[in-house]
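A.B. asks: Got a structure for you, written out below as structure tokens; questions coming shortly.
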Amino acid sequence: RCARTDKGVHALSNVISFMCALGEEPIEVVAARMNAELPDAIRVLAARRTTRGFDAHKLCDSREYDYLLPAQALRPLDSLIAETEPLTETEIVQVDGLLAAFLGTHIFHNYTSGLAPHMKQAQRHILEAKVAPAPSLRGLPYVALRFKGSSFLIHQIRKMAAVTIARAGGLLTEERFRESLTVAKVNLPIAPPSGLMLRGVQFGHYDKTFGADKTAARGVMALTEAEEAVRDAFCAKRVLPVVGSEENATALRSWLEFLQTYDFLRDGNEQGGPRPKPGEAKAGEAAPAAAAAGQAAPLHN
């Protein structure tokens, strides 16, 4: 397979490669026979003949993910706009501006786990980051944060989505965000998995090199318009109802409440945790002198 997902994340369109004996039968038979044996929740969109050495993981140029969330989640906390209102063009441009900061090659050690900033694996190249349209769910307007890159680290996209929501809501300063893409250690929250969906994978170089050979029985890996229509219908029937379910909506609301208390400045805690209350000591710090001695702290009106 060419892409993996976190537990709880949806895979709308993935590619696997394997050997099979077809004889004189057309390649379309493979998809039909597999679908006859698979449950309705898993469908084979298409089958292709490939080169003998084809490797779905190694030959994949890029992966594309959507993080689906209510439009209201991308507005400032003090916004007076009703949650039933979709994002305006101005708001979309503003969020696109936030997402553009991810474009290019950056150090993403803060967006995953188990990697030091100097490790080569921590570097990832983002090809595309933008707001994309999404259907309304449960009567609320949704949008997609679309990320496209050559490859992604575990939890990376969910943390990129969380950071974008925090920046849009005024919870994360621009300075601290910029630090998160450097060698500095910055604790970041991770968005729930239910909103994330592997939308598709691309094999641009392979298609240009081998798929264009009309003398061979091979075809390009890119889906045809008809196959995309089948994929989109499957998404509407099987994936979107799960994303917008009451259970997942409740989990997202709880997480958004947690995000409002998240301390992006706290050190030494992987999950960041809530901001300390006034007079409360951070982990590893001594309590303020007045509180430690049991004295009454002055009140401020």
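The values are calculated or read from the model by the stated rules, or taken from the named source; none is laboratory data. Owing to the predicted nature of the structure, the values given are computational and were not obtained by experimental measurement. As a convention, Cβ positions derive from the backbone with ideal geometry for all residues, glycine included, and neighbour counts pool all protein chains shown. Areas reflect the complete protein model, heavy atoms only, side chains present, ligands, DNA and RNA absent. Shrake-Rupley method; radii C 1.70, N 1.55, O 1.52, S 1.80 Å.
A.B. asks: Roughly speaking, to the nearest percent, how much of the chain's 1.4 Å accessible area is carbon and sulfur?
C.D. replies: 55 percent
A.B. asks: Which whole-Hz couplings ³J(HN,Hα) result when phi for each residue of the stretch 130-140 is put into the Karplus expression 6.51 cos²θ - 1.76 cosθ + 1.60, θ = phi - 60°, listed in order with x for Gly and Pro?
C.D. replies: 7, 7, 10, x, 8, x, 5, 10, 6, x, 10
A.B. asks: Per DSSP helix of 4 or more residues, -39500 (n - 2.57); summed, then divided by the residues of the chain. What does that give at 222 nm, rounded to the nearest 500?
C.D. replies: Dividing the helical sum by the residues of the chain leaves -7000 deg cm²/dmol.
A.B. asks: Evaluate the relative contact order of the chain (contact order divided by residue number), counting alpha-carbon pairs under 8 angstrom at least 6 apart; express in whole percent.
C.D. replies: Dividing the mean separation by the residue count of the chain yields 22 percent.
A.B. asks: Could you give me the ³J(HN,Hα) list for the stretch 74-79, computed from phi with Karplus coefficients 6.51, -1.76, 1.60 and θ = phi - 60°, whole Hz, x at Gly and Pro?
C.D. replies: With coefficients 6.51, -1.76 and 1.60, one gets 9, 10, x, 4, 8, 5 Hz.
A.B. asks: With loop defined by DSSP as not H, G, I, E or B, and exposure as at most 11 other Cβ atoms within 10 Å, which is the longest segment of the chain clear of exposed GluC sites (Glu not before Pro)?
C.D. replies: Counting at most 11 other Cβ atoms within 10 Å as exposed, the longest clean stretch of the chain is 25-269.
A.B. asks: Determine, for the stretch 121-261, the count of lysine pairs separated by eight or more sequence positions (or lying on different chains) whose alpha-carbon distance falls under 23 Å.
C.D. replies: Summing the qualifying lysine pairs gives 5.
A.B. asks: With all pairs of different alpha carbon atoms counted, what Kirkwood hydrodynamic radius in Å does the chain show? Intermediate values should be presented prior to the final figure.
C.D. replies: Details: mean 1/r = 0.0459 Å⁻¹.
About 21.8 Å for the chain.
A.B. asks: When all alpha-carbon pairs of the stretch 35-75 are counted, what percent fall beyond 16 Å? Before the final figure, lay out each step's value.
C.D. replies: Values: 559 of 820 pairs.
When all Cα pairs of the stretch 35-75 are counted, 68 percent exceed 16 Å.
A.B. asks: Helix 28-37 against the longest principal axis of the chain: what's the angle in degrees, Cα atoms only, rounded to the nearest 10?
C.D. replies: Taking Cα atoms only, the helix is inclined about 60 degrees.
A.B. asks: A follow-up question, please. Could you pull out every residue, at least 5 positions away or on a different chain, whose amide H is within less than 5 Å of the one on Ala11? Hs are placed 1.01 Å off N in the peptide plane, and Pro or chain starts have none.
C.D. replies: Leu198
A.B. asks: To continue, here is another question. Determine the distance separating the Cα centre of the stretch 137-199 from the Cα centre of the stretch 51-76; give it in Å without decimals.
C.D. replies: The stretch 137-199 and the stretch 51-76 have Cα centres separated by 14 Å.
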